[in-house]
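A short worksheet on the structure shown next.
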Amino acid sequence: MTEGPKVAFHTLGCKLNFSETSEISKILSAAGYAKVEMDQHPDVLILNTCSVTDQADQKCRNIVRRAIKLNPDIFVAVIGCYAQLKPQEIAAIDGVSVVLGANEKFKILDYIQERSEKAKVVVGHIKEVNEFVPSFSSGDRTRTFLKVQDGCNYFCAFCTIPLARGRSRSANIQDTLIQAQKAIEAGAKEIVLTGVNIGDFGTSHGEDLLGLIRELDALNGVERYRISSIEPNLLTEEMIQFVASSKKFMPHFHIPLQSGDDEILRAMRRRYRTDLYQSRIQLIKELIPDAAIGVDVITGFPGETETLFLNTLQFLKDLPVSYLHVFTYSERPNTTALRISEVVPVSVRQERTQQLRILSEKKKMAFYQSFAGQSRTVLWESADDNGRMSGYTDNYIRVSQTFDMSAANSIATIALHEGDVRFEY
C-alpha cells in the first residue's frame, strides 16, 4: 500500500523540461512523496509547461481539468517556461493552486500544499535567475537526458526562451561529470546532452563544450552519447572532428537553421549565415558520411516573401540532411519580431510548413533506405508496442522488431530492413 502523499507529473515541451521534472521528482521523493500516474488519483500534480509549443494556455487548462475530475481536492503546481512568462494567466485557471517561476520551481517543497482561495503566484524577475541546477531524467534506463546548460544570451527575434529561463549558465566540467556518473550508475545506456544553448557550456568557468565531451568520452560504464540541438556557430570544426574519432559519441547532429535565406536570418538576429551552415554540414558529411543530421526551420517569419521562402526550400533540398523539424512562426509577446510590419498570413505560413514537412519525409525516407541491408548497432527500448519493440541505430534510424524482453535496454548489431527488422519512419 502506498504511504505518504501521492504526486503525479505531466511535462510539456523539450528534453530539458523532462530532465528538470525528474530532478523535482527526486526532491519530492526524498520528502516522502510517492510518484504515481495521473489515473492513480494523486494528491498533487506538478505540471511543467513550455512556451514554445502552441496553445500553451489551452493545454494547461485541459490537463488541470482532467486532474480535478480525477481528484477534486488535488493540489496543482504549475512550473516551467509558460509559468515564468504568463503567471497571472495560469493563476486564473480554475483548480491551479500555485504558480512557480524559474527561480522558485526547485524550491517546490516551500510552497506545496499551501492552500488558499486563489492560486498563489511566486515568480521572480528573470534577471534574478542565475543559479544552475543540475538534473538528469530518470525512470528510463535506456536513454537519459543530462542537463548541461540552461538559459540563453542570444535573444533571437522570434524567441521567448531568454525571458523564460534567463541568462546562459552551466556547472563546470567536474560537477557535470559527477551528474553523468550518477546517470550511469542508474543504468543509462545512452546519455543525451541537453540544454537551451549547449554550445555555450562552460564559458563562465573558462571551459567549453569540447572539453566536456572529451572528459565524458573517457567515463566508463556508458556506451552512447548524443549531443542535442547545437547552434551552427558554436558547433566547431574541432568538435565535429572529435565526434568523428569517438566510439561513444554517436554520428548524429541536430543543428538549427531556422531559415535558408540570409536576409531572413539577419532579421531573426541569428549569429550565422547560410555559408557557415553549409560548411558545417559539408564537414560532417566529409568526416562522418553515415551521420544523421536534423534541422530546425521556421516558416512564415515576418518579411518572408514567396521568393525568400523558395530560397529556404531550395537550400534545404540541396543540403545532405536527414530530417527537418518544421515550426510555423507564431507571434510571441515581448519579442522583437513583432516590430516587423510585413506579416505573413497564417494560411500561407501553414502551406509553407506543409511543403517543408513533405520534404522532410522524403529526406528521411531516402536517408533510411540508403542503409537498407547494412549492419548497424541498435539500442532496443523496453516498451511493448503491440508485440513490437523499437530502438535507434547509432545514426538515429528508428527501427522495430518482434518484442523480446531479453533484448530490452541492450545494444545489438542488426541488418537494417531485413527479416523481422523494419524501418519506423
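The values are calculated or read from the model by the stated rules, or taken from the named source; none is laboratory data. Predicted model only: the values in this text are computed from it and were never measured. Every residue, glycine as well, gets a Cβ built from its backbone with ideal geometry; the counts of neighbours run over all protein chains shown.
Figures for the structure shown
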{"quantity": "Positions within the stretch 16-67 being farther than 16 Å from G80 by Cβ and among the aromatic types (F, W, Y), in sequence order", "calculated": "Y33"}
{"quantity": "Sole residue being of a type in the set (S, T, Y), in contact with a strand residue (DSSP E or B) (Cβ under 6 Å, 6 or more places away or on another chain) and not assigned by TED's automatic domain parsing to the domain that holds R143, chosen from S390, S370", "calculated": "S390"}
{"quantity": "Of all residues making up the stretch 176-214, the number that are free of Cβ contacts under 8 Å to residues at least 60 places away in the same chain and either farther than 24 Å from P162 by Cα or not in a helix (DSSP H, G or I) (or both)", "calculated": "22"}
{"quantity": "Qualifying residue in the stretch 59-77 (condition: closer than 30 Å to I213 by Cβ, in contact with an Asp or Glu (Cβ under 7 Å, 6 or more places away or on another chain) and not aliphatic (A, V, I, L, M))", "calculated": "no"}
{"quantity": "Any hit, the stretch 293-314, residues being within 20 Å of R226 (Cβ to Cβ), β-branched (V, I, T) and under 24 Å from the mean Cα position of the chain (by Cα)", "calculated": "yes"}
{"quantity": "Residue in the stretch 234-256 that is among the basic types (K, R), under 20 Å from N395 (Cβ atoms) and assigned to a loop (DSSP other than H, G, I, E, B) present", "calculated": "yes"}
{"quantity": "Members of the stretch 263-278 that are part of a helix (DSSP H, G or I) and either among the basic types (K, R) or in contact with a Ser or Thr (Cβ under 6 Å, 6 or more places away or on another chain) (or both)", "calculated": "L265, R266"}
{"quantity": "Which numbered condition R65 fails, given (1) touching a Leu at 6+ places or on another chain (Cβ under 8 Å); (2) within 17 Å of A119 (Cβ to Cβ); (3) modelled with pLDDT under 95", "calculated": "(1)"}
{"quantity": "Residue check, E231 acidic (D, E), in the same structural domain as Q174 (by TED's automatic domain parsing) and either touching a Gly at 6+ places or on another chain (Cβ under 7 Å) or not in a helix (DSSP H, G or I) (or both)", "calculated": "yes"}
{"quantity": "Matching residues in the stretch 162-172 - criterion: being in a helix (DSSP H, G or I) and surrounded by fewer than 21 Cβ atoms within 10 Å (Cβ to Cβ)", "calculated": "P162, L163"}
{"quantity": "Condition met for A83 (buried (at least 19 other Cβ atoms within 10 Å of the Cβ), touching a Lys or Arg at 6+ places or on another chain (Cβ under 8 Å), small (G, A, S) and in contact (Cβ under 8 Å) with a residue 40 or more places away in the chain)", "calculated": "yes"}
{"quantity": "Candidate set: the stretch 304-347, residues that are among the small types (G, A, S) and surrounded by fewer than 18 Cβ atoms within 10 Å (Cβ to Cβ); chosen: the one farthest from D262 (Cα to Cα)", "calculated": "S347"}
{"quantity": "Qualifying residue in the stretch 184-207 (condition: assigned by TED's automatic domain parsing to the domain that holds Q241, out of contact with any Leu (no Cβ under 8 Å at 6 or more places or on another chain) and under 25 Å from M268 (Cβ atoms))", "calculated": "yes"}
{"quantity": "Members of the stretch 289-303 that are assigned to a strand (DSSP E or B) and of a type in the set (G, A, S)", "calculated": "A292, G294"}
{"quantity": "Residues of the stretch 269-284 satisfying the condition of being closer than 17 Å to I227 by Cβ and either loosely packed, with under 15 Cβ neighbours inside 10 Å or among the aliphatic types (A, V, I, L, M) (or both)", "calculated": "I281, L283, I284"}
{"quantity": "Among the candidates E114, E104, residue that is surrounded by fewer than 16 Cβ atoms within 10 Å (Cβ to Cβ) and not assigned by TED's automatic domain parsing to the domain that holds S204", "calculated": "E114"}
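Yes/no matrix, rows are residues, columns are (1) of a type in the set (V, I, T); (2) over 22 Å from the mean Cα position of the chain (by Cα); (3) modelled with pLDDT of 95 or more; (4) surrounded by fewer than 18 Cβ atoms within 10 Å (Cβ to Cβ):
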residue	(1), (2), (3), (4)
R349	no, yes, yes, no
I358	yes, yes, yes, yes
K363	no, no, yes, no
Q369	no, yes, yes, yes
G387	no, yes, yes, yes
D394	no, no, yes, no
T402	yes, yes, yes, yes
E424	no, no, yes, yes
